[in-house]
Amino acid sequence: LAQAAVGSWTGRPDRCPRRAMSEAVADGNRHQGHIFLIYGLVTLYAFCYQLQSPLEPFLVERLVGKGSEASLAYGRVQSFFSLVQVLGSLIFGYLLDHVGARIGFMVNFLACALVYLILAHSTTIEMLYLSKVPGIGMAGFLCAQTAVSQLTEAGSERVTALGRLTTAYTIGGVAGPFCGGLLGAGGDYFRSARIAAVGSLLAAGLSLLLPATPDVESEENKVADKKAAQASWRSRAASLGPTVGMLILVKLVTSTANSMASSSQSLIIKNEFHFTEADSGFFMSAQFAFGGFACGFLLGPLTQFLGGQAKLVVRNCIAVMAIGYMLQAALSSRTMDVLPVEGLTRLYSFVAIAMFLSLFQYSLGTSITAETTQLVSADARGTLIGIEHSVFSGARIFTPTLGVSILTSSGPGVLYGTCGTIFLAALAFW
């Protein structure tokens, strides 16, 4: 309507208001279609990745032999992949700012296919390491977050869309390990990798349906800064520091604590609660599924409950998670009977707090991304989200070893107390 009025004032032919409204509705429907396609691509990305992930420890054991050496070798392979992801996220985010999400998704899925093809022929531990190198281009979730941040308006719409991305990943993340376990049950650890390669090539083809560049950049940044678009990665990263540096630092600190807890959880439920393999798998799948369900259906209401604005949600999530970790520490303490519960009561309390923490952990990460993407221009969001993913991957290089060391030397109470203290420090810094 405003454009029609301006046209009449300036003498330029105006558009029919009804036609303008129809075009706006059509644009909105088309962008919704693109967002749902992105959800589907993320689901396929997670399914292919998780399809072979539960078989990798068995493959490592076959390649290096049984015993402690197999565990150490598997840990080194995971650490190497995390290092590759740190470098890849930084590069890929910058790439997205220049080539857009469509090409970014295609590069990602072609890199995934190459990883799985090499993995399907890994008859030595050296080949297994080599299969991780193309992982420098595996950034499907990064592509999705960048694309969604460009196709949605800042605020509740973006928070909801980012939350549903996690739900989409969860669907693939739950189905993938289940199918991969069935495929590898007979001792063929390469069949799932071959299927994952085919699935990745299919996803690369589907990526062609995405727009080359989002033509719905929200009103917050309609005109891109040409000088910024030509800036180097270093200058882009430096320019982001004053705007979102504190939020990224908070994400690094909280990711450190969450990584310490999550990497030790399987040992805790095995040794403290005597879970069998089936019990552990069911618990982890349930936790994964609950987090995805929460992001898809509870994140919007929870965001409003925690203050509505992303900054308030981040602060309140940090406070709630600090309390949750301290409760878990009191429940698990070996030296102080702060919460003297035993048997099934202790088990149910542990599970309830773990689910509670997973809910707010997803809310915290999503809210930080929603806030940071709102504070920077559209042409820098790929670099920004790449840095966020790099921070997350970097936290997972050393913290699993640190978490397990604290657990084995001092027990779960000290481990969770340490995580709670880290969150309290982040809250004080905030």
Subset tally (residues that are surrounded by 19 or more Cβ atoms within 10 Å (Cβ to Cβ) and modelled with pLDDT under 85) for the stretch 245-258: 0
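Here is a yes/no grid of residues against (1) open to solvent by 20 Å² or more (accessible area, probe 1.4 Å); (2) among the aliphatic types (A, V, I, L, M); (3) in contact (Cβ under 8 Å) with a residue 60 or more places away in the chain:
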position	(1), (2), (3)
V376	no, yes, yes
R381	no, no, yes
G386	no, no, yes
H389	yes, no, yes
G394	yes, no, yes
V404	yes, yes, yes
S410	yes, no, no
Residue check for G420: under 24 Å from M284 (Cβ atoms) and touching a Lys or Arg at 6+ places or on another chain (Cβ under 9 Å): no
Residue, modelled with the lowest pLDDT, within the stretch 40-59, restricted to residues that are open to solvent by 40 Å² or more (accessible area, probe 1.4 Å) and closer than 15 Å to A185 by Cβ: P54
Candidates V174, V133, filtered to the one that is among the hydrophobic types (A, V, I, L, M, F, W, C) and closer than 17 Å to L44 by Cα: V174
Condition met for G420 (touching a residue at least 40 places away in the same chain (Cβ under 8 Å) and on the phi > 0 side of the Ramachandran plot): no
Where I91 falls short, out of the listed (1) within 29 Å of A370 (Cα to Cα); (2) of a type in the set (V, I, T); (3) out of contact with any Leu (no Cβ under 7 Å at 6 or more places or on another chain); (4) buried (at least 18 other Cβ atoms within 10 Å of the Cβ): (4)
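For the stretch 147-198, give me the residue count where each residue is aromatic (F, W, Y) and not in a helix (DSSP H, G or I).
2
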Condition broken by T408, with the remaining ones in (1) at pLDDT below 80; (2) of a type in the set (V, I, T); (3) under 21 Å from T372 (Cα atoms) satisfied: (3)
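Could you look through the stretch 137-187, keep only residues that are farther than 28 Å from E56 by Cα and more than 17 Å from the chain's Cα centre (by Cα), and pick out the one that is surrounded by the fewest Cβ atoms within 10 Å (Cβ to Cβ)?
From the stretch 137-187, those farther than 28 Å from E56 by Cα are 146-164; that's our starting set.
With more than 17 Å from the chain's Cα centre (by Cα) added as a condition, the list becomes 150-157.
Working: Q150: 25, L151: 24, T152: 23, E153: 13, A154: 18, G155: 15, S156: 16, E157: 15.
Top of the filtered list is E153.
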Test: residue in the stretch 68-85 that is more than 16 Å from L130 (Cα to Cα), surrounded by 22 or more Cβ atoms within 10 Å (Cβ to Cβ) and under 19 Å from the mean Cα position of the chain (by Cα): no
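Would you mind stating whether G199 is surrounded by fewer than 16 Cβ atoms within 10 Å (Cβ to Cβ), modelled with pLDDT of 75 or more and over 30 Å from V351 (Cα atoms)? Walk me through it before giving the result.
Details: surrounded by fewer than 16 Cβ atoms within 10 Å (Cβ to Cβ): no; modelled with pLDDT of 75 or more: yes; over 30 Å from V351 (Cα atoms): yes.
Taking the combined requirement at face value, the residue does not satisfy it.
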Pair list, Cβ < 7 Å and 6+ apart or interchain, from the stretch 114-125 residues that are closer than 14 Å to E61 by Cβ and assigned to a helix (DSSP H, G or I) to residues that are of a type in the set (A, V, I, L, M) and open to solvent by less than 30 Å² (accessible area, probe 1.4 Å): I125/A73
Test: residue in the stretch 283-299 that is out of contact with any strand residue (DSSP E or B) (no Cβ under 7 Å at 6 or more places or on another chain), surrounded by fewer than 13 Cβ atoms within 10 Å (Cβ to Cβ) and at pLDDT 70 or above: no
Filtered residue count, the stretch 126-136, keeping only those that are surrounded by 16 or more Cβ atoms within 10 Å (Cβ to Cβ), within 18 Å of P57 (Cβ to Cβ) and aliphatic (A, V, I, L, M): 1
Check on V351, part of a helix (DSSP H, G or I), buried (at least 20 other Cβ atoms within 10 Å of the Cβ), at pLDDT 85 or above and β-branched (V, I, T): no
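The values are calculated or read from the model by the stated rules, or taken from the named source; none is laboratory data. Quick caveat: nothing in here was measured; it's all calculated off a predicted structure. All Cβ positions, glycine included, derive from the backbone under ideal geometry; neighbour counts span all protein chains shown. Just the protein is used for accessible areas: all its heavy atoms, side chains included, with ligands, DNA and RNA removed. Shrake-Rupley method; radii C 1.70, N 1.55, O 1.52, S 1.80 Å.
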